Amino acid sequence: MLEKLKLEVYEANMALSRSGLVFGTFGNVSGIDRESGLVVIKPSGIEYSALRPEDMVVTDLNGNVVEGKYRPSSDTKTHVKIYSDMPSVGGICHTHSMYATSFAQSGRGISAYGTTHADYFDGEIPCTRRLTPKEIAGEYEYNTGAVIVETFKDRDPDSMRAVLVNSHGPFTWGKNAGESVQNSVYLEFVAQMALNTELLRSACATCVPMQNKLLRRHFDRKHGKNKYYGQG
């Protein structure tokens, strides 16, 4: 079942492992087959080096296992909530990467300080609110997805393909599993630069977010209606 998608999700998880963004068994990547409404995701707690394409787990959009010998990632219900409410998303990546997670643990979004940020993210990368004690005690993973969806109530997930979950870590997405991993790499890079920028503030009174016009120009030339970056 969904052998092509299983291979794609497996390869994305391997790319995530090679990226240096994960430690131990932290992190997971998933992909969705929109036609069937089924999700393929990494199994829970299995070392990346031991994974095989056939180990990927198939679930429905309620997180119920449809096929697979292992339990799916403990974050499965977060993934399926995002897929359910963001129909343009085709793949999701979750990490506990050092710099993006540092912002998440601080409960802060990542400001757009320069053009590198604007090449990939349309403005500040948002951080969710804290989960309530009731949300934590209840359907925790589902509620994590719900607070992400809530954060994007007035945002376009196709222009901002990343979020920081307060006190937890980053989730990124894309049109497929591989693209979601690439967006995690971009996120970590701009998070590190943002932190370095803020550390210099004591010696630099001009460290303010970039001009909106400059952000628009850099983001839109890659992603806008009349984009002209690359070879078409």
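Remarks
- Selection status of SER159, modelled with pLDDT of 95 or more, polar (S, T, N, Q) and either in a loop (DSSP other than H, G, I, E, B) or in contact with an Asp or Glu (Cβ under 9 Å, 6 or more places away or on another chain) (or both): yes
- Total residues in region 10-50 satisfying the condition of being farther than 20 Å from THR78 by Cβ and among the aliphatic types (A, V, I, L, M): the figure is 3.
- For region 118-146, filtered to residues that are out of contact with any Leu (no Cβ under 6 Å at 6 or more places or on another chain) and open to solvent by less than 10 Å² (accessible area, probe 1.4 Å), the residue that is nearest to GLU179 (Cα to Cα) is PHE121.
- Conditions (1) within 18 Å of ARG161 (Cα to Cα); (2) in a loop (DSSP other than H, G, I, E, B); (3) touching a residue at least 40 places away in the same chain (Cβ under 8 Å); number of the one not met by ALA104: (2)
- Single residue of ASN176, ASN183, ASN196 found to be over 18 Å from SER74 (Cβ atoms) and buried (at least 21 other Cβ atoms within 10 Å of the Cβ): ASN183
- Scanning region 1-46 for residues that are farther than 18 Å from HIS94 by Cβ and either in a strand (DSSP E or B) or open to solvent by less than 10 Å² (accessible area, probe 1.4 Å) (or both) gives ASP33, LEU38.
- Restricting region 77-103 to residues that are open to solvent by less than 30 Å² (accessible area, probe 1.4 Å) and touching an Asp or Glu at 6+ places or on another chain (Cβ under 7 Å) leaves a set whose member that is nearest to PRO126 (Cα to Cα) is ALA100.
- Residue identified as open to solvent by 90 Å² or more (accessible area, probe 1.4 Å) and modelled with pLDDT of 95 or more among LYS153, LYS225: LYS153
The values are calculated or read from the model by the stated rules, or taken from the named source; none is laboratory data. Predicted, not measured: the structure shown is a model, and the values here were computed from it. Glycine also receives a Cβ, built like all others from the backbone with ideal geometry; neighbour counts cover every protein chain displayed. When the accessible area is computed, the model is the full protein with side chains, heavy atoms only, and any ligands, DNA or RNA have been set aside. Shrake-Rupley method; radii C 1.70, N 1.55, O 1.52, S 1.80 Å.
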